[in-house]
C-alpha cells in the first residue's frame, strides 16, 4: 500500500521520532531483522521515541486501515516485527533502563535488549531471568514467557513482571498490574503481543553475580547416548541454582577444542550456577566425568560475559527456521532421536538444544497468567540455521524431520517464542487451557484483531471495526 504523502507530512509534524518511507535513507536498515528469511517491505516505518509517538502511529495506521506490526528487538523467529505493505511501529529507540536497587525494581522501555537490561541491573549486583542471547529484545521475550539461566532459581522472565503500561487498540494508555486492570495484566504475561503495545515494564530484581560459575563441557559424538543418559541421572537431584543445558551440533572452531574436532558433531553441556562460584564448581564436577572429554572451558566469569557467550553463534543475517517441543522428562527414545538426526544437520550452524527448566518455573500454577506451560521441565529447540536462500528447502525439511521424530515424547505444549510463522495451527497448544480466556480477553481489548502480527489469538466474537468509533486520545 502507498500512504498519502500529505498525511505522512502531518504525522511527521506530530512525532518526536521519525517516519520513514520506502526509498528514504534508513529504510533498508529499519526493515531488516534478525532472521534473514524475512524480507518484508512496510509502507511506512515509524521509529518512536515516546509513548505519544506510539499512540500517534497507532492512530495513523488504524485510520487508514493499515496492517500494523510492532518491532521491539526484531529477534522473533517468525518475523512478526515487520509487515508487508503496512505500518511497522518501531520501538527500538526506546531502550532506557532505570534501576531502583533499594526496592529491587527495574523499569524498562520496550526497545531495550537483554544486554541493556543486564548492564543496568548488574551494576547493582541484581538481575532478571532472561534469555541466552544479549541482542534479544526484552519485549518479545517477556510477553511470550522468557527463560534462561536463572529460570530454575527465580522463575520465568514474565514471573518477575510487577506492572506494565500498555497502549491498547483503542489508543488508551493503561497501567496494569495485579490490582490495576488485572485481566489485561493476566493476558500480557505470556499472551504475546496480542493485547497492545507495552511501552514500559516494571520487573522485580534478584541478587546475582557479579561473577558466576559457568562454561562448556564438550564430549565426542560417539559417546552421545551414554553421556546423555548419565546427564539425565545427574540432573534429577540438581538444586534450583544449577542449570545444565544440552546442545548437539557440529563443533565450532573454539580455541579450547582440538582442531581435529572442529566441524565434527559433538555433545555440549552448557553449565551455569546461580550462586557462590566455588559451590558451582563442586556441583558441576560430575558433569565433567560423563565420558572422555573432548574439551572444556569452565570457571568463574562475570554474569554479563556469560550472557553474551552465545552471541557469535546467533548473530543476525543468517536464515533461521525453528521447531520446538516441551518435555516433562527425557526418555531414551528422545535421546536416540536427537543423536540420530542431529548428526544429519545440513549446515554447520544447525543444532538441537534442550534447555533445562523446572525449579521455580514449575511451581507457579498453570492458570496464574497466560503463560501456562508449567509442566515443561525441558524445552527442545530444533534450530535450523544456514546462510544461502537456496538451502531453505533442505534446512526446513531437516528441522521438521527432527520435530516429527521427537513428537511422541513431548507434552504437546510449545514455547510460543520458538514458533515459526507457519505454526498458527499450534497456537492453542502454546496456550493450552488458558486459550479460551485469552480469546475472551482479546474480544475485550482488541475485538478487531488489530494486533494480529503475532502467534495470534483471535477474538472470541466479531465486533464492528473500532476505527469507525471515536478514537481515544
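Some values worked out for this structure:
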| quantity | calculated |
| --- | --- |
| Failed item in (1) under 30 Å from residue 161 (Cα atoms); (2) buried (at least 20 other Cβ atoms within 10 Å of the Cβ); (3) touching a residue at least 60 places away in the same chain (Cβ under 8 Å), with residue 227 passing the rest | (1) |
| Number of the condition not met by residue 187 [criteria: (1) part of a helix (DSSP H, G or I); (2) closer than 30 Å to residue 267 by Cβ] | (2) |
| Extreme residue, nearest to residue 342 (Cα to Cα), among residues of segment 245-267 that are out of contact with any helix residue (DSSP H, G or I) (no Cβ under 6 Å at 6 or more places or on another chain) and in a strand (DSSP E or B) | 249 |
| Condition check for residue 290: surrounded by 15 or more Cβ atoms within 10 Å (Cβ to Cβ), in a loop (DSSP other than H, G, I, E, B) and in contact with a strand residue (DSSP E or B) (Cβ under 9 Å, 6 or more places away or on another chain) | yes |
| Of the criteria (1) in contact with a strand residue (DSSP E or B) (Cβ under 9 Å, 6 or more places away or on another chain); (2) at pLDDT below 95, which one residue 424 fails | (1) |
| Candidate set: segment 342-373, residues that are under 17 Å from the mean Cα position of the chain (by Cα) and in a loop (DSSP other than H, G, I, E, B); chosen: the one nearest to residue 151 (Cα to Cα) | 357 |
| Given (1) over 20 Å from residue 416 (Cβ atoms); (2) touching a helix residue (DSSP H, G or I) at 6+ places or on another chain (Cβ under 9 Å), index of the condition residue 162 fails | (2) |
| Answer from 445, 409 - the residue that is outside the structural domain of residue 328 (by TED's automatic domain parsing), in contact with a helix residue (DSSP H, G or I) (Cβ under 9 Å, 6 or more places away or on another chain), touching a residue at least 40 places away in the same chain (Cβ under 8 Å) and buried (at least 18 other Cβ atoms within 10 Å of the Cβ) | 445 |
| Residue in segment 420-428 that is surrounded by 17 or more Cβ atoms within 10 Å (Cβ to Cβ) and assigned to a loop (DSSP other than H, G, I, E, B) present | yes |
| Condition met for residue 270 (buried (at least 21 other Cβ atoms within 10 Å of the Cβ), touching a strand residue (DSSP E or B) at 6+ places or on another chain (Cβ under 6 Å) and in a helix (DSSP H, G or I)) | no |
| Residues (surrounded by fewer than 17 Cβ atoms within 10 Å (Cβ to Cβ), within 20 Å of residue 280 (Cβ to Cβ) and either at pLDDT below 95 or in contact with a strand residue (DSSP E or B) (Cβ under 8 Å, 6 or more places away or on another chain) (or both)) located in segment 238-262 | 256 |
| Of all residues making up segment 196-244, the number that are more than 30 Å from residue 102 (Cβ to Cβ), under 23 Å from the mean Cα position of the chain (by Cα) and either part of a helix (DSSP H, G or I) or in the same structural domain as residue 327 (by TED's automatic domain parsing) (or both) | 3 |
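The values are calculated or read from the model by the stated rules, or taken from the named source; none is laboratory data. Just so it is clear, the structure is predicted and the values come from calculations on it, not from any experiment. Neighbour counts run over all protein chains shown; Cβ positions are idealised from the backbone, glycine included.
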